[in-house]
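S.K.: Once you've had a glance at the structure underneath, I'll fire off some questions.
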Amino acid sequence: MTAKKLLLLSIVLSCQFILAQNKVAIPLNEVVVSDNQLKNFSSSQSVQKLNDSIISKNQSSLTSLLNYTTAIYFKENGLGMVSSPSFRGTTSQQTVVVWNGININSQLLGQTDFNTVSTREFNSIDVKAGGGSVVYGSGAIGGTIHLNNELKFADTFKNSLQVYYGDFNSLSAIYGLTAATNKWSANASFTRNSSDNDFKFIGKEGRNTNGQYYNNSLNTALGYKLNAKNSIKFYSQIYDGERHFSLTSLYATKTKYEDYNSRNLLTWTSFIGKSVSNVKLAFITEHYKYFEDIESKGFSSGGVKSLIAKYDFAYQLSPKMNLNAILDYTKNKGLGSGIGENTREIGGLSMLFQQSLSQDWNYEISARKEVSDVYKSPVVFSAGSTYDFSEIYRLKFNFSRNYRIPTFNDLYWQGSGNPDLKPENSYQAEVGNQFRYRDFRLNATVYATKIDDMIRWLPNNFGNWSPVNTDKVSIYGAEALLGWNKKWAAHFVDFNGTYAYTVSLDDKNDKQLFYVPYHKITASSSYSYKKWNAYYQFMFTGEVFTTSDNNPKYILSDYTVSNFGMDYNFSQKNVCKIGFKIANLWNEKYEALPSRIMPGRNLTLYLNLNY
Amino acid sequence: MKLKHVFLGIFASALLLASCSNDDAVEKDVPLGAYDNGVLILNEGNFGTPNASVSYISNDLTVFMEDVFGTENNAKELGDVGQSLSFYEDKAFIVLNASNVVQVVDRYTFKSLATITENLKNPRYSVVLDGKLYVTNSISKAVTIYDAKTYAYLGTIAINKTAERIVTANGKLYIMNGAYGSGNTVTVVNPQSNNAMSVITVESGVNSIEEKNGYVYVLCGNSTKSKLFKIDTKTDTATSIESTTLKKALNMDIDGDKIYYTQGTGVYAMALNATTFSETPLFSVKDNSWSTFYGFGVIDGKIYSADANGFTGAGIVKVLSATGTELKTLAVGMGPNGFYSNN
C-alpha cells in the first residue's frame, strides 16, 4: 500500500532543520574558512580533521569515508543505498551534517543520507564529537560533520582531475579548477559518481539487483575582497542523484528514489576596530521523488525550501576575551505528497564567550534561545574548559544541553503527523585527554549522554502510525583517536586509528539500543617511498542487536573489512598519479543491516592529475 | 535434530490433550498435523527485511510454536511483510506484500507446497471461491486470479481503486476499497456473470469486512463517526447503523452471533442484528506502546490482541476472556497482525 510504504520509508530514512555557525574570523588569513565557530569555540571538544589526502584515498561517499576513518557506526542499506549514522550511540537524526557552517540535515527526515554526499569536492571534512546545538542547532546531539570549502587568497591557477573506475562499472570522476589572486578567489568542481552495483553475493546465489545509481554535483566557492576591511564570499552546491533501491527478496517491486538538493550561501564580512561582523544569507532546497514501482510513471514527491538569515557579530573584549553574538532567522517552506503545504519560522539568539585565564587555562561558555511558531524550544547551552598540564598533556571538559526539533514529516504527515510533539532533549558531559609527544597524538575521551522525549513513529490504536515523544536513553562510552607519523630520508609512514566503546541503554528495559555496536575500530596506515605510496585500511564493527529486546536470535554478526591501495606519481613537480585499490581485500561476507549484503573483493583503478 | 523431538513430544501431548478433553464427545478429532486445532498468528515482520513469520498456539493455549514455516522448511525465509492468510481445503495461502509472493503451505504440517509470484504487485489479501484464488494488489489496484490447485495464473480483474480486504458471499467477491483511514466504497465482483462489477458506497474510513449468514458486514470509522453497514448479498443493498459518540471504531471480527470491534484501547461487542452501536466496552486494555491492537481477533469467545511492540522487538500476543481476564501472554514474531483459526 502506497501510503504505508512511503511512511515506512520516511521512518526508515527518518527528522529535522537548519541553523548554523558563527564567530570571529580573526584577521584575514590567507586561507579563509567558512565556519569560524568550529575553529574558535570547539577547543573543549574533540575534533578530527580529515584532509584532502585522506578524502582521496577513500571511496567518494561520506559513508565510506567516515566508516573507515572515524568511530561513527553506519546503518547502510547496501552499497550506495540509504545510509544513516549512529554517532556516540545516538539515532540517525542526532548527527548533523554542516555545510560551510550551515546545518543541511533534511527538514523532512531530520537526517542526512550519508550516501547522498560526495566527499571529493571538499577541501576538508571535520568530525566533531558531542553536542553542538548552540551553534549548529537542531540535531547536534551525537556529533557534527563539517564539510568545508576553503578559499585561498594568493596567486594560484590549478586544474585537477581525478578519475576512479572499477568493478560493477563503478565510476567516480571529479574535475576542479582553482584560480585566485590576493584580491579574489574562485574554486569550482564537478563530480560524477555512478555504478551498476550488481555485485555477486558471497556464499549465496544471486546478484545485487536494482542497485544502480548515479549522482552529479556542482560545487562553487567565490571570494572577493572589496577592500582591506570588507569581503564577500559565495558558496554554492547543486546535487542531483538517482538511486534504485536494491531488492531484499527476489520478486519484490523495483523502486527508485531521486534527490535534488541545492545550497547557496552569501556572506559579507567586515572588520571594524576590534570587531568582526558577518552577514549571512543562505537559501537551501531539498526535493525528492519516490517511484514505488519503476515500471509505472507514478511517484510521490516532496521538498522544503529554507531561507536563513544571520547576523554574526564577534568582538574582542581584550586579547584574552572574546564575545560572539549571533542573531538568526529561518523560514522553512515544505510542500509534498504527504505533508501538504506548511511553513515554519524560527528566530534565535546565541551568545558565545571565551576567555583565557592564563597561558594554560581557557574556558568557553555559550547559550542559545530560539522562538518558533510551531514548537517550544529549550534554552540550550554549552560550557567547557581546557587546561594544559604540560607540553604533552591537555585536559578538556565540556557540558552541554542539546535538542532536536520535530521534522516536517513528524508534524504534518497527512493523517499521521503530530502537531503537539516536543523537541528531543539531551544533556551531555565529556572529559577529554589529549596527549602529544613528538610524532604521537592520542585523544581519549569519556562521555555520558542522557536523552529524553525521543520521537518515534509507532502504530497507534486508531489504525494509524503517528510520531510520539517516548523513549529515554542513557548513553556512556569512550573514544580513542590515535595518530603517528614519521619521516626519514625518502620514507614517510603514518598511522591513524580510532576505537569506540558505546553503551546506549533504553531506560525502559535497560537493553542496548538496537543497531548500536559496543565496539568499533578503524585503522589505516600508509607508507611512501619517493614516488610510491601504499596504504591499508581496516575496519571492525562489533555485533549489533537488531531488536529492542536484544533477542540473541537476531544478532547481526561483527565484521572486519580491509582495503589495500597503491599508487605512483609520475610527475616531478605536480601530481600525475596512477594507482589501484582493492576493497574488501579478504572477501569478507558481511551485512551492515539484515538482508543487505555488501560486496566482496573488488578492484578500482585511478588516475589523479593536478596541474 | 532436536527440534524434531520437541515436535513429536508436542504432537503427542496435543493428541493426548485433545483426546482427554472431550470425554463424552462423539467426534474423534484426530489432528491432521502439528498445527491443527489451534490458531495461526501471522507476524508481518519489518518492511524491507524478509523476516515475516507464523506462530502457532493450540486452542487450549498449552502448545506454542514460533516460526513454524521456517521450522518445517529448512529455515527457508517466508518473505517480506506477511500481510494476510487465507485457507482453502487443506491449504493456507500466505500473502507476502513486499516480496510480491503468495506462499502456499499445507495448513496442518506447514510444509511448503508452492510459491506464487506471477503478476503480483504488492499483494494484500486473498480468498478462494469456486477453486480459484483471488488476490488483491495495491500497486496495480487489481485482483489477480490463480487456480487454487495448480496455482496457475488465470487472469486479472482491474478494480481501479484501492483493493484491500476481500471476502466471498453468495458466489460473489466483496472488495474493500480503502486502507489506513481512506476510502469509502466496496466493490462487488460477480465471477459468474463475467466479472460484472458494481460499487457500494459506505462511509469514509472503511476498515473491516466480514461475511456472516449471507450478509457482508462493513465497518467504517473516522474522526466524526463510526458506521456499520450490512449488505444483503442477494440485492447488494446496504442498511447501516452509526454512532457519532463512539468514533474511529476498528478491527471488526464476527465470532458466533456477535460483532466485536475496538476503539482506542477498548474492546466492544454487539449482536449481529444490533440497531445501535454498543458504546460501553467489554473491557479496556492498558496502553503501553500505542499499538496494543495492531492485530485483533475473536475465536471461540476468546479475544486475541497483538501488540506490534513498535516493530522493534518480539510482538506481544495476549489471549483474553470476554471479560478481559488474561488467559495467556506470548512473545511472538515481529509485528503480529492477524489470527487465523486452524481446525
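The values are calculated or read from the model by the stated rules, or taken from the named source; none is laboratory data. Since we're looking at a predicted model, the values are computed, not measured. Ideal geometry is used to build each Cβ from the backbone, glycine not excepted, and the neighbour counts take in all protein chains shown. The protein model used for the area step is the full one, side chains on, heavy atoms only, and it has no ligands, DNA or RNA in it. Shrake-Rupley method; radii C 1.70, N 1.55, O 1.52, S 1.80 Å.
S.K.: Would you check which residues across segment A:431-481 are open to solvent by 20 Å² or more (accessible area, probe 1.4 Å), more than 17 Å from residue A:394 (Cβ to Cβ), assigned to a strand (DSSP E or B) and of a type in the set (S, T, N, Q) and list them?
M.R.: Answer for segment A:431-481, where residues must be open to solvent by 20 Å² or more (accessible area, probe 1.4 Å), more than 17 Å from residue A:394 (Cβ to Cβ), assigned to a strand (DSSP E or B) and of a type in the set (S, T, N, Q): A:466, A:469, A:470, A:474.
S.K.: Then there's this: Which of the strands (runs of 3 or more DSSP E) found entirely inside segment B:50-97 contain at least 1 residues meeting this: within 14 Å of chain A (Cβ to nearest Cβ) and more than 19 Å from residue B:114 (Cβ to Cβ)?
M.R.: Filter on segment B:50-97 gives B:53-58.
S.K.: If residue B:214 meets every condition in (1) closer than 23 Å to residue B:323 by Cα; (2) at pLDDT below 95; (3) more than 14 Å from chain A (Cβ to nearest Cβ) apart from one, which number is that one?
M.R.: Every condition holds for residue B:214 apart from (1).
S.K.: Among the residues in segment B:263-273, are any within 14 Å of chain A (Cβ to nearest Cβ), modelled with pLDDT of 95 or more and under 22 Å from residue B:42 (Cα atoms)?
M.R.: Checked against the condition, which is being within 14 Å of chain A (Cβ to nearest Cβ), modelled with pLDDT of 95 or more and under 22 Å from residue B:42 (Cα atoms), segment B:263-273 yields at least one hit.
S.K.: Further question: Would you check if there is a residue in segment B:28-44 being within 14 Å of another protein chain (Cβ to nearest Cβ) and either open to solvent by 60 Å² or more (accessible area, probe 1.4 Å) or modelled with pLDDT of 95 or more (or both)?
M.R.: Checking segment B:28-44: at least one residue is within 14 Å of another protein chain (Cβ to nearest Cβ) and either open to solvent by 60 Å² or more (accessible area, probe 1.4 Å) or modelled with pLDDT of 95 or more (or both).
S.K.: Tell me which of these residue B:129 doesn't satisfy, since it passes every other one: (1) modelled with pLDDT of 95 or more; (2) crowded, with 23+ Cβ neighbours inside 10 Å.
M.R.: Residue B:129 satisfies all of (1) modelled with pLDDT of 95 or more; (2) crowded, with 23+ Cβ neighbours inside 10 Å except (2).
S.K.: What are the residues in segment A:510-563 that are touching a strand residue (DSSP E or B) at 6+ places or on another chain (Cβ under 8 Å) and without any contact (Cβ under 8 Å) to a residue 12 or more places away in the chain, if any?
M.R.: Scanning segment A:510-563 gives a single hit, A:551.
S.K.: Where residues in segment B:98-110 are part of a strand (DSSP E or B) and either away from every other protein chain (no Cβ under 14 Å) or modelled with pLDDT under 95 (or both), which of them is most open to solvent (accessible area, probe 1.4 Å)?
M.R.: Within segment B:98-110, the match that is most open to solvent (accessible area, probe 1.4 Å) is B:106.
S.K.: Let me ask something else about it. Please note which strands (runs of 3 or more DSSP E) are completely contained in segment A:152-252 and include at least 3 residues that are among the hydroxyl-bearing types (Ser, Thr, Tyr) and in contact (Cβ under 8 Å) with a residue 40 or more places away in the chain.
M.R.: Because the criterion is at least 3 residues that are among the hydroxyl-bearing types (Ser, Thr, Tyr) and in contact (Cβ under 8 Å) with a residue 40 or more places away in the chain, the strands (runs of 3 or more DSSP E) in segment A:152-252 that meet it are A:156-166, A:184-195, A:213-225, A:230-245.
S.K.: If you scan segment A:270-279, which residues turn out to be more than 26 Å from the chain's Cα centre (by Cα) and either without any contact (Cβ under 8 Å) to a residue 40 or more places away in the chain or in a strand (DSSP E or B) (or both)?
M.R.: Selection gives A:270, A:271, A:272, A:273, A:275, A:276, A:277.
S.K.: Of all residues being in a loop (DSSP other than H, G, I, E, B) and more than 14 Å from chain A (Cβ to nearest Cβ) in segment B:283-312, which is least open to solvent (accessible area, probe 1.4 Å)? Just the residue, please.
M.R.: To start, the set of residues in segment B:283-312 that are in a loop (DSSP other than H, G, I, E, B) comprises B:285-294, B:300-301, B:308, B:312.
With the extra rule that they be more than 14 Å from chain A (Cβ to nearest Cβ), the set shrinks to B:300-301.
Working: B:300: 112, B:301: 27 Å².
Going through the qualifying residues, I end up with B:301.
S.K.: Next question. In segment A:280-305, how many residues are outside any strand (DSSP E or B) and small (Gly, Ala, Ser)?
M.R.: So the first thing to find is which residues in segment A:280-305 are outside any strand (DSSP E or B), and the list is A:292-299.
If we keep only those that are small (Gly, Ala, Ser) too, we end up with A:296, A:298.
So the count comes out to 2.
S.K.: Take the residues in segment A:283-305 that are within 21 Å of residue A:407 (Cβ to Cβ), crowded, with 16+ Cβ neighbours inside 10 Å and among the aromatic types (Phe, Trp, Tyr); name whichever of them is farthest from the other protein chains (Cβ to nearest Cβ).
M.R.: Residue satisfying both the conditions and the ranking: A:288.
S.K.: Looking at (1) open to solvent by less than 10 Å² (accessible area, probe 1.4 Å); (2) within 14 Å of chain A (Cβ to nearest Cβ); (3) closer than 29 Å to residue A:82 by Cα, which is the only condition residue B:135 fails?
M.R.: So residue B:135 meets the others, but not (3).
S.K.: State yes or no: is residue A:568 in a strand (DSSP E or B), open to solvent by less than 20 Å² (accessible area, probe 1.4 Å), more than 14 Å from chain B (Cβ to nearest Cβ) and more than 27 Å from residue A:142 (Cβ to Cβ)?
M.R.: no
S.K.: Does any residue in segment A:460-472 that is at the interface with another protein chain (Cβ under 7 Å from one of its Cβ atoms) come within less than 6 Å, Cβ to Cβ, of a residue that is open to solvent by 40 Å² or more (accessible area, probe 1.4 Å) and among the basic types (Lys, Arg) six or more places away or on a different chain, and which pairs are these?
M.R.: Sorted first by the residue in segment A:460-472, then by its partner, the pairs are A:462/B:248.
S.K.: Got a number for residues in segment B:313-343 being within 14 Å of chain A (Cβ to nearest Cβ), in contact (Cβ under 8 Å) with a residue 40 or more places away in the chain and either more than 19 Å from the chain's Cα centre (by Cα) or farther than 16 Å from residue A:549 by Cα (or both)?
M.R.: Count: 2.
S.K.: Considering only residues that are within 14 Å of chain A (Cβ to nearest Cβ) and assigned to a strand (DSSP E or B), look in segment B:111-132 and name the one that is nearest to residue B:57 (Cα to Cα). Spell out how you get there, then give the answer.
M.R.: To start, the set of residues in segment B:111-132 that are within 14 Å of chain A (Cβ to nearest Cβ) comprises B:114-125.
Adding the requirement that they be assigned to a strand (DSSP E or B) leaves B:114-116, B:123-125.
On the way: B:114: 24, B:115: 25, B:116: 27, B:123: 26, B:124: 24, B:125: 22 Å.
Checked segment B:111-132; the qualifying residue nearest to residue B:57 (Cα to Cα) is B:125.
So that you can scan it fast, the table gives a plain yes or no per residue for (1) under 25 Å from residue B:65 (Cα atoms); (2) touching a Leu at 6+ places or on another chain (Cβ under 7 Å); (3) acidic (Asp, Glu); (4) in contact (Cβ under 8 Å) with a residue 12 or more places away in the chain:
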residue: B:107; (1), (2), (3), (4): yes, no, no, yes
residue: B:115; (1), (2), (3), (4): yes, no, no, yes
residue: B:125; (1), (2), (3), (4): yes, no, no, yes
residue: B:129; (1), (2), (3), (4): no, yes, no, yes
residue: B:141; (1), (2), (3), (4): no, no, no, yes
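S.K.: Just need a number here: residues in segment A:253-269 that are open to solvent by 20 Å² or more (accessible area, probe 1.4 Å) and not in a strand (DSSP E or B).
M.R.: Result for segment A:253-269: 1.
S.K.: Looking at (1) assigned to a strand (DSSP E or B); (2) of a type in the set (Asp, Glu); (3) farther than 26 Å from residue B:34 by Cβ, which is the one condition that is false for residue B:253?
M.R.: Single failed check for residue B:253: (3).
S.K.: Additional query: Could you tell me whether residue A:120 is closer than 24 Å to residue A:562 by Cβ and outside any helix (DSSP H, G or I)?
M.R.: The answer is yes for residue A:120.
S.K.: Further, regarding this structure: Which count do you get for residues in segment A:327-352 that are part of a strand (DSSP E or B) and either touching a Ser or Thr at 6+ places or on another chain (Cβ under 7 Å) or open to solvent by 60 Å² or more (accessible area, probe 1.4 Å) (or both)?
M.R.: First, pick out the residues of segment A:327-352 that are part of a strand (DSSP E or B): A:327-336, A:340-352.
With the extra rule that they be either touching a Ser or Thr at 6+ places or on another chain (Cβ under 7 Å) or open to solvent by 60 Å² or more (accessible area, probe 1.4 Å) (or both), the set shrinks to A:327, A:329-333, A:335-336, A:341, A:344-346, A:349-352.
Here the count works out to 16.
S.K.: Given the options B:239, B:280, B:235, name the one that is more than 30 Å from residue B:330 (Cα to Cα), open to solvent by 70 Å² or more (accessible area, probe 1.4 Å) and either in contact (Cβ under 8 Å) with a residue 12 or more places away in the chain or part of a loop (DSSP other than H, G, I, E, B) (or both). First the steps, then the outcome.
M.R.: Numbers: B:239 fails: either in contact (Cβ under 8 Å) with a residue 12 or more places away in the chain or part of a loop (DSSP other than H, G, I, E, B) (or both); B:280 fails: more than 30 Å from residue B:330 (Cα to Cα).
Testing whether each residue is more than 30 Å from residue B:330 (Cα to Cα), open to solvent by 70 Å² or more (accessible area, probe 1.4 Å) and either in contact (Cβ under 8 Å) with a residue 12 or more places away in the chain or part of a loop (DSSP other than H, G, I, E, B) (or both) leaves just B:235.
S.K.: If you check residue B:192 against the conditions, is it within 14 Å of chain A (Cβ to nearest Cβ), in contact (Cβ under 8 Å) with a residue 12 or more places away in the chain, polar (S, T, N, Q) and open to solvent by 30 Å² or more (accessible area, probe 1.4 Å)?
M.R.: Against the criterion (within 14 Å of chain A (Cβ to nearest Cβ), in contact (Cβ under 8 Å) with a residue 12 or more places away in the chain, polar (S, T, N, Q) and open to solvent by 30 Å² or more (accessible area, probe 1.4 Å)), residue B:192 does not qualify.
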